[in-house]
Amino acid sequence: VMDMCGMAKQYNEAPHVEKNPWLATISVTRSSGLEKCKAAVITPHFVLTAAHCFNIDDEAHQIKVLTNDGKRYAVTNVISHPNYNVNAKKPKIAEFYDYDIALVEIGDKNKRTIKKEKIEFNPKVRPICIPCTEGTTRALRKKVAQTTCDEHEATLLKWGIVEAFFITEEDNELTRKDVTIKTGDQKPVCNRDALKAPLYINITDVSEVVSDRFLCTGGTEPHVDAFTCKGDSGGPLVINHRQRYIQVGVISWGVANLCINMNRASMTKSYARDFHTNLFKVLPWLESRLKDEGLSFL
Ligand SMILES: Cc1cc(Br)c(Nc2ncc[nH]2)c2c(Cl)c[nH]c12
């Protein structure tokens with residue numbers, strides 16, 4: 001059976017990498033320089049990240065996946081969501097992040113070995129749980145036979161304010177940043193601040209830039225949320241359910257760039273919202289692309 005997902009060391013003094021063993025870093029080497037994103041380990045052959053981390057002309061050999069134990073993995077394939085198209089609404093909207101999600105397949109095409117290289121799990125490298133899989137039913141301590149995907153969504157994304165966190169890297173140290181997902185009647189209030197992004201200043205209808213695929217976090221109500229930096233792109237938005245960890249989103253974009261080369265501003269802004277691709281909204285794509293990975297989707 002697939003290694004139990006969403007398990008991490010809990011004791012206070014545990015190394016940060018063992019508290020967040022699913023975090024991975026994606027590096028893309030281009031002639032124009034190095035781009036970095038974050039990702040989440042979900043199976044031995046796949047990490048999950050944001051589609052906007054890649055350009056059309058990036059080739060697999062330019063991309064490496066780094067796991068918490070310091071191992072660098074070659075990539076055979078980047079599978080971006082078919083509906084992702086950052087240019088879809090040009091010129092009115094310069095960058096459009098709908099369906100901003102991608103699977104990165106690990107392995108080395110050039111190696112003559114038949115078996116693909118795969119991510120080695122250990123206390124520093126473990127998979128996170130993905131919604132609507134058997135592993136998440138077990139992590140939620142529910143009955144495997146009767147639990148539905150709707151129950152996963154009802155349990156994880158309750159109506160109103162949902163406590164979650166993302167993981168960022170500061171001075172080579174992983175730290176969790178607490179946020180609240182605004183669902184139900186709180187969602188429109190959160191989404192509306194998207195129009196405060198410099199990029200969208202001339203847009204009047206928020207639904208043109210914030211599609212139903214996004215989860216919205218950030219701001220100062222009901223408590224001051226952490227905000228993302230560009231370098232956090234692709235990282236997982238995580239819910240801690242009784243010490244089991246389930247990924248519900250992928251960090252896509254934010255309204256305010258309160259980070260100058262990763263120096264996070266001390267003060268946030270009420271409109272400093274962040275938007276994450278909601279995994280519940282891309283399940284058919286996830287399932288079709290991960291069918292041979294032993295995840296057992298519901
Ligand atoms: C995570 C993340 C990604 C991107 Br792309 C950003 N850039 C941006 N968002 C809208 C237009 N451009 C930001 C900002 Cl800004 C904060 N966090 C970000």
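Where a number appears in this text, it was derived from the coordinates with a stated rule and is not lab data. Predicted, not measured: the structure shown is a model, and the values here were computed from it. Quick reminder, even Gly has a Cβ in these numbers, built from the backbone with ideal geometry, and neighbours come from all protein chains shown.
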Note to self: Using +1 at the C-beta of Lys and Arg and -1 at the C-beta of Asp and Glu, which of ASN87, SER207, LEU283 has the Cα lying farthest in the positive direction of the dipole of the chain?
What the structure shows: LEU283
Margin query: Tell me the relative contact order for the chain as a rounded percent, counting alpha carbon contacts under 8 Å between residues six or more apart.
Written below: 21 percent
Next item on the list: Within region 179-241, list the trypsin sites (Lys or Arg not before Pro) lying in a DSSP loop whose Cβ has at most 11 other Cβ atoms in a 10 Å radius.
Entry: none
Check: Counting other C-beta atoms within 10 Å, which of SER80, SER211 has the fewest, and how do the rest follow?
Finding: SER211, SER80
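Report the chymotrypsin sites (Phe, Trp or Tyr not before Pro) located in region 1-54 that are in a DSSP loop and have at most 15 other Cβ atoms inside 10 Å of their Cβ, or state none.
Taking region 1-54 and a limit of 15 other Cβ atoms within 10 Å, the loop chymotrypsin sites (Phe, Trp or Tyr not before Pro) found are TYR11.
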Next item on the list: For region 35-83, just list the percent of Cα-Cα distances falling in each 10 Å bin from zero outward, please.
Entry: 22, 63, 15, 1
Check: Any idea which of THR43, TYR11, SER32 is furthest toward the positive side of the dipole for region 1-49, if Lys and Arg beta-carbons carry +1 and Asp and Glu beta-carbons -1?
Finding: SER32
Checklist line | Distance between region 193-230 and region 74-141 - C-alpha centres, whole angstrom | finding: 24 Å
Margin query: Sequence gap at least 6, Cα distance under 8 Å: using those rules, report the relative contact order of region 1-135 to the nearest whole percent.
Written below: 31 percent
Margin query: I need the trypsin sites (Lys or Arg not before Pro) found in region 1-96, filtered to DSSP loop residues with at most 11 other beta carbons within 10 Å of theirs.
Written below: LYS92
Check: Relative to the compact globular guide of 2.2 N^0.38 Å, what is the alpha carbon radius of gyration of the chain, as a ratio?
Finding: 0.95
Checklist line | Cα gyration tensor shape for region 80-147, rounded if a/c is under 1.5, else prolate or oblate | finding: oblate
Notebook entry, point to check: Which lysines does LYS109 reach when only Cα atoms under 24 Å apart count, and residues fewer than 8 places away in its own chain are ignored?
Noted result: LYS36, LYS38, LYS64, LYS71, LYS118, LYS291
Notebook entry, point to check: Which order, highest average first, do 267-273, 135-141 follow once you tally other Cβ atoms within 10 Å for each residue and take the mean per peptide?
Noted result: 135-141, 267-273
Next item on the list: Apply the Kirkwood formula to region 1-133: the hydrodynamic radius equals the inverse of the mean of 1/r over all pairs of different alpha-carbon atoms; give it in Å with one decimal.
Entry: 15.9 Å
Item checked: Overall Cα dimensions of region 188-291, principal axis frame, Å, largest first -> 41, 33, 28
